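Working notes for the structure below.
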């Protein structure tokens, strides 16, 4: 587009870890290499696990914290809707980038991800959308340098390649140093590593206060390299196209046959 070889004119950034998260700051740096105009509309606080929820019948507050930068007291999906339907309605983004999430979004974990939920919301506004996640190592540390060093070229390659307008992309960076990371691997969603939920009661009996978390297995989840979980374990940057249609085709055919 110019002497700086920009990819597009305008990029919208959001996330689910909150506007102060390190992954969003890295994504801001990446986006600055790709477009001259970068907008940030992100949750004011962490909204991990928000999926594609929206704040129905609730007021959300939007505070401008810089040029083209807004903190929102809503979900990641709220942020995208607010940006596209109001803040940027006269100058819609050419690309939406959501992340960079601290931790992977793989397999059946994906449906709970606010990072992915924001990218899916971008589809409703016909905006090419990519969710980006940095996997963590065995100690739970995000290897940010991998996303930092490979992120811009990853987005550039995918945007130029293109993908169907009814899909968004979920990109997962492996938890290894960038010089050891493999190339892009286009993958299926697979089943992932979600092994259930961990619910803990807080305080005395009868208080009704609990915490809810997920139980993840991080080894032996899959065996096929075409699956994103296995591709990540092998050191590749996994790219998975996702769409809204969740119809189980085998189940559809079975029920149609049984109910004739």
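The values are calculated or read from the model by the stated rules, or taken from the named source; none is laboratory data. Worth saying up front: this structure is predicted, and the values here are computed from it rather than measured. All Cβ positions, glycine included, derive from the backbone under ideal geometry; neighbour counts span all protein chains shown.
Among the residues of the range 114-134, is any under 15 Å from the mean Cα position of the chain (by Cα), surrounded by fewer than 21 Cβ atoms within 10 Å (Cβ to Cβ) and within 20 Å of residue 231 (Cβ to Cβ)? No, the range 114-134 contains no residue that is under 15 Å from the mean Cα position of the chain (by Cα), surrounded by fewer than 21 Cβ atoms within 10 Å (Cβ to Cβ) and within 20 Å of residue 231 (Cβ to Cβ). Within the range 35-53, the set of residues being buried (at least 24 other Cβ atoms within 10 Å of the Cβ) and under 19 Å from residue 159 (Cα atoms) is empty. Of the residues 171, 155, the single one that is within 16 Å of residue 238 (Cβ to Cβ) and in a strand (DSSP E or B) is 171.
Sort out which residues of the range 76-108 are surrounded by fewer than 24 Cβ atoms within 10 Å (Cβ to Cβ) and either modelled with pLDDT under 95 or assigned to a loop (DSSP other than H, G, I, E, B) (or both), and write them in order of number. Scanning the range 76-108 gives 88, 89, 90, 91, 92, 94, 103, 107, 108.
The set of residues in the range 1-57 being under 21 Å from residue 124 (Cβ atoms), touching a helix residue (DSSP H, G or I) at 6+ places or on another chain (Cβ under 9 Å) and assigned to a loop (DSSP other than H, G, I, E, B) consists of 8, 15, 16, 47, 49, 50, 51, 52, 53, 54, 55. Residue 89 satisfies every condition listed in (1) touching a residue at least 24 places away in the same chain (Cβ under 8 Å); (2) over 15 Å from the mean Cα position of the chain (by Cα) except (1). Every test in (1) at pLDDT below 95; (2) buried (at least 20 other Cβ atoms within 10 Å of the Cβ); (3) more than 17 Å from the chain's Cα centre (by Cα) is passed by residue 72 save one, and that test is (1).
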